[in-house]
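Structure record follows, encoded as structure tokens.
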Amino acid sequence: MRTIVVFRLSILLPMVASQTFHWGPCPTPMVQPNFDLNRYLGRWYEIEKLPASFERGKCIEANYALRPDHTIRVLNLQTLKGKVRSAEGTAIVQDSREPAKLGVSFSYFTPYSPYWVLSTDFNTVSLVYSCTDILRLFHVDYAWILSRTRTLPPEIVYHAKEIFARENIDISRMKATDQHGCDS
């Protein structure tokens, strides 16, 4: 049994090398009460994030739109090595009693990953968290501070980080996203 666990870890650890992982299970933060998906739809710019291998560029933004089948079209854009790159996925509200806990997938072959809106005012800022347990030994997590504009005042970013910390989410590796020179 130990050999199997070591083997699995040796395969998984390189995949999470550019992610943020911690020993033990995922924290279970509170999410936005009275979440209104329709008010959340639209464009959000990434202000800061925990490291993510799929986001290495600049000018990162996410666009959310409701489809006729009531799923959410997720279109992520970033500029990497001078080229605009996109990734399209689907988000769903997994439980109508907790609409701020969405699931998102960027492939038909992968399960939905958590996309939890911890806090938002719908007009200025949104705090998003995602966490996945790996073999119940450790977890990989992501956190984003998003804004309706490419910049946020430092006091709003500071307050956002306080909310993550209050929810026991380690944001010590959080980095600012370059949003300079993005508008054409």
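Taking a Cβ cut-off of under 14 Å around residue 161, the surrounding Lys, Arg, Asp and Glu residues balance to a net charge of -1, with basic ones at +1 and acidic ones at -1.
Please work out how much length the chain gains when fully extended from residue 85 to residue 134, using 0.36 nm per residue of separation minus the C-alpha to C-alpha distance, in nm with one decimal. Don't skip to the answer; put the middle values down first.
Values: separation 49, 0.36 × 49 = 17.64 nm, distance 2.86 nm.
Length gained between residue 85 and residue 134: 14.8 nm.
Remark: relative contact order (the chain) = 27 percent; criterion is Cα-Cα distance under 8 angstrom and separation of 6 or more residues. The residue 98 and residue 56 beta-carbon pair, evaluated with R₀ = 35 Å, returns a calculated FRET efficiency of approximately 0.65. Here segment 14-141 is treated as an ellipsoid with the same Cα gyration tensor; its semi-axes, largest first and in whole Å, are 22, 20, 15. Diffusion coefficient (Stokes-Einstein, Kirkwood radius over C-alpha pairs, 25 °C, 0.890 mPa s) for segment 127-184: 187 µm²/s, rounded to a whole number. About the centre of its Cα atoms, the chain shows a dipole size close to 520 debye [charges on the beta carbon of Lys, Arg (+1) and Asp, Glu (-1) only; nearest 20 debye]. Extension gain, residue 73 to residue 107: 0.36 nm times the residue separation minus the Cα-Cα distance gives 11.0 nm.
Can you give the net charge of the other residues whose Cβ lies under 12 Å from the Cβ of residue 139, counting K and R as +1 and D and E as -1?
Result for the local shell: -2.
Each value in this text was obtained by applying a stated rule to the coordinates, not by laboratory testing. Values in this document were obtained by computation on a predicted structure and should not be read as measured data. Cβ coordinates were reconstructed from backbone atoms using ideal geometry, including for glycine residues, and neighbour counts include every protein chain displayed.
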